[in-house]
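Remarks on the structure that follows.
The values are calculated or read from the model by the stated rules, or taken from the named source; none is laboratory data. What you see is a predicted model, and the numbers here were worked out from it, not measured in a lab. Here Cβ is always computed from backbone atoms with ideal geometry, including for glycine, and neighbour counts include all displayed protein chains.
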Amino acid sequence: MRVCGVEIQGSEAVISLLALDKGLFELPECRTRKFLLKDDADQALFKKFQFDFAKLVEDYKIEKVVIKSRPQKGKFAGGAVGFKIEAAIQLIDGLTVEFINGNTIKEQIKRNPIAIDFAVTGLKKFQEAAFTAAYANMTESMYSKD
């Protein structure tokens with residue numbers, strides 16, 4: 001199974017790929033770490049963002065995208081561009097998209113601690129939330145059958 005974790009930060013979709021093969025987690029190399037959708041994006045830029053993300057999904061054989069949820073109201077609410085990013089990803093034909101909230105991530109990490117320190121993964125610090133979203137979703141899927 002290959003999952004792409006996504007954290008939306010303003011007008012960026014920060015990503016991290018995570019694969020599970022024969023019970024072992026792998027961090028596949030990826031050509032990009034984030035996608036940008038400008039605040040003033042017109043229809044052409046929106047479609048380009050969607051095409052580029054869909055191409056990544058196809059090229060890396062991603063089976064599922066897991067987006068870290070953001071509140072719709074309040075101090076930490078997501079902005080309009082972030083919701084456009086979510087929509088662009090969700091509307092990619094044939095792609096399974098799931099959302100995971102911060103509490104579920106914390107619960108899964110507590111139940112299934114990450115076996116290595118994040119610093120040695122080779123990922124950038126800004127990718128940590130996307131990585132933990134993918135990891136939490138995978139472990140939740142693996143162990144919810146028990």
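Taking the range 13-31 only, how many residues are over 11 Å from residue 123 (Cβ atoms) and under 10 Å from the mean Cα position of the chain (by Cα)?
Here the count works out to 1.
Out of 77, 13, which single residue is hydrophobic (A, V, I, L, M, F, W, C) and touching a Pro at 6+ places or on another chain (Cβ under 8 Å)?
On the way: 13 fails: touching a Pro at 6+ places or on another chain (Cβ under 8 Å).
Going through 77, 13 in turn, just one is hydrophobic (A, V, I, L, M, F, W, C) and touching a Pro at 6+ places or on another chain (Cβ under 8 Å): 77.
Exactly one of these conditions fails for residue 94: (1) surrounded by 15 or more Cβ atoms within 10 Å (Cβ to Cβ); (2) under 30 Å from residue 44 (Cβ atoms); (3) of a type outside the set (S, T, N, Q). Give me its number.
Residue 94 satisfies all of (1) surrounded by 15 or more Cβ atoms within 10 Å (Cβ to Cβ); (2) under 30 Å from residue 44 (Cβ atoms); (3) of a type outside the set (S, T, N, Q) except (1).
Kindly indicate whether any position in the range 19-26 is of a type outside the set (A, V, I, L, M), surrounded by 12 or more Cβ atoms within 10 Å (Cβ to Cβ) and assigned to a loop (DSSP other than H, G, I, E, B).
no
Determine whether residue 47 is basic (Lys, Arg) and out of contact with any strand residue (DSSP E or B) (no Cβ under 6 Å at 6 or more places or on another chain). So that I can check it myself, show each step before the final result.
On the way: basic (Lys, Arg): yes; out of contact with any strand residue (DSSP E or B) (no Cβ under 6 Å at 6 or more places or on another chain): yes.
Yes, satisfied.
So which residues in the range 59-77 are within 19 Å of residue 21 (Cβ to Cβ), part of a loop (DSSP other than H, G, I, E, B) and either more than 14 Å from the chain's Cα centre (by Cα) or not aliphatic (A, V, I, L, M) (or both), if there are any at all?
60, 61, 63
Scan the range 106-145 residue by residue and report those that are surrounded by 15 or more Cβ atoms within 10 Å (Cβ to Cβ), part of a helix (DSSP H, G or I) and in contact with a strand residue (DSSP E or B) (Cβ under 7 Å, 6 or more places away or on another chain).
127, 129, 130, 131, 133, 134, 135, 136, 137, 138
Pull out all pairs, ordered by first then second residue, where Cβ-Cβ is under 7 Å, the residues are six or more apart or on different chains, the first lies in the range 15-43 and is under 29 Å from residue 116 (Cβ atoms) and hydroxyl-bearing (Ser, Thr, Tyr), and the second is part of a strand (DSSP E or B) and at pLDDT 95 or above.
Within 7 Å, the pairs are 16/5.
For residues that are under 14 Å from residue 13 (Cα atoms) and part of a loop (DSSP other than H, G, I, E, B), scanning just the range 32-51, find the one that is farthest from the chain's Cα centre (by Cα).
39
Return yes when residue 100 is surrounded by 11 or more Cβ atoms within 10 Å (Cβ to Cβ), β-branched (Val, Ile, Thr) and without any contact (Cβ under 8 Å) to a residue 60 or more places away in the chain and no when it is not.
Details: surrounded by 11 or more Cβ atoms within 10 Å (Cβ to Cβ): yes; β-branched (Val, Ile, Thr): yes; without any contact (Cβ under 8 Å) to a residue 60 or more places away in the chain: yes.
Yes.
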